1. So, counting K/R as plus one and D/E as minus one, what does the shell of residues with Cβ under 14 Å around Pro151 add up to?
2. Please work out which option in (i) 18.2, 59; (ii) 20.2, 70; (iii) 31.3, 103 gives Rg and Dmax of the Cα atoms in Å calculated from these coordinates, and answer with its label.
3. Per DSSP H run of n ≥ 4, the term is -39500 (n - 2.57); total these for the chain, divide by its residue number, and report the mean residue ellipticity at 222 nm rounded to 500 deg cm²/dmol.
4. For His47, His95, give the ranking by accessible area with the largest first, probe 1.4 Å.
5. Excluding same-chain residues fewer than 8 positions from Lys94, which lysines have a Cα within less than 19 Å of its Cα?
6. What number comes out for accessible area per residue over the chain if the probe is 1.4 Å? Units Å², please.
7. Take peptides 271-279, 211-219 and line them up by average Cβ neighbours within 10 Å, highest first, as a rough protection proxy.
8. What is the spin-label model distance, in nm, from Glu66 to Ala170 if the labels are put 7 Å beyond Cα along the C-beta direction?
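The values are calculated or read from the model by the stated rules, or taken from the named source; none is laboratory data. If you're wondering where the values come from, they're calculated on a predicted model, not measured in any experiment. No Cβ is skipped: glycine too gets one built from the backbone with ideal geometry, and neighbour counts run over all protein chains shown. Quick note on the areas: whole protein, heavy atoms, side chains included, nothing else; ligands and nucleic acids left out. Shrake-Rupley method; radii C 1.70, N 1.55, O 1.52, S 1.80 Å.
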Amino acid sequence: MGKSFEQYQKRKLVSSYFSVVLSIALVLFLLGILGLLVLNTKKMADHFKEQITISVFLKESAKEVEIDQLQKSLAMAEYTKTATYVSKEEAAEKHTEEIGENFIEFLGYNPLKNSIDVNLNADFVSPEKIEEIAAEITAKGYVEEVSYDQPLVGLLNDNVKKISLWILIASGIFTFIAVLLINSSIRLSIYSKRFIIKTMQMVGATKTFIRKPFIWTNVKLGMLGSVVALLALGGVLYYVNENFPDLGLFDDASILIILFVGVFVLGLLISLLSTYFATQRFLNLRTDELYY
């Protein structure tokens with residue numbers, strides 16, 4: 001009978017520890033995903049900004065040496081990511097592929113112009129800066145026109161600001177919820193041992209002596225939960241990087257180190273503080289209050 005009861009108590013204890021580890025791991029995993037979004041918000045925004053193309057159309061009278069000089073000067077400019085020369089013949093071939101028919105045969109001539117496609121560095125993709133760059137390039141006598149999708153640039157910048165703000169707000173709210181959930185799991189675990197805590201206190205054990213094993217146990221559970229969360233987070237990162245290599249999630253190792261260390265430390269801190277305050281609460285209760 002006694003052995004059966006002991007096994008039951010052991011299973012109950014293991015179940016309690018498992019639920020604490022699982023709750024910590026799930027919350028930290030979701031928090032890690034959100035942290036990844038926060039740390040990579042600018043990187044993802046820059047990726048989309050650098051897809052916007054400015055087309056510099058050249059006059060028919062433009063000399064080859066002038067075109068070559070312009071392309072080199074644009075390629076070397078601080079605001080340029082790439083500068084690619086596109087002849088009107090190449091542009092015609094691309095246009096034919098897109099529309100599915102040869103418009104030159106229909107018109108009898110090629111109406112397109114030689115151009116240089118410029119992709120800007122993300123820091124220069126704003127309506128004001130692009131306008132300045134366009135005015136500077138247009139001032140050259142052999143440039144006929146500088147074209148870009150002005151509404152798209154404005155819309156992209158506005159949406160990036162809104163998304164960044166909402167991600168920060170969501171991060172704050174979710175961090176608060178994460179602390180509450182982990183704290184609740186640990187408090188429930190300690191609640192089941194409230195009579196043991198009070199018994200130890202009644203026989204003369206100090207508060208520090210009583211708290212120590214609870215803190216150490218839950219810190220170890222917090223470490224285990226953090227490791228599980230980091231393994232799951234690493235698996236998600238690997239999967240996303242394999243399927244979307246353009247995002248370059250592993251390009252900046254420092255961001256990943258900050259994220260992983262932050263998740264691990266957060267798991268330890270929440271476990272430590274939650275255990276301290278939970279045990280302190282039961283230590284300060286009167287014996288008759290343990291039943292409520």
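1. With Lys, Arg at +1 and Asp, Glu at -1, the net is -3.
2. Computed from these coordinates, Rg and Dmax of the Cα atoms in Å corresponds to label (iii).
3. Value at 222 nm, helices only: -25000 deg cm²/dmol.
4. Final ranking, largest accessible area leading: His95, His47.
5. Lys113
6. 62 Å²
7. Those peptides, ordered most packed to least, come out 271-279, 211-219.
8. Result for the modelled spin labels: 5.1 nm.
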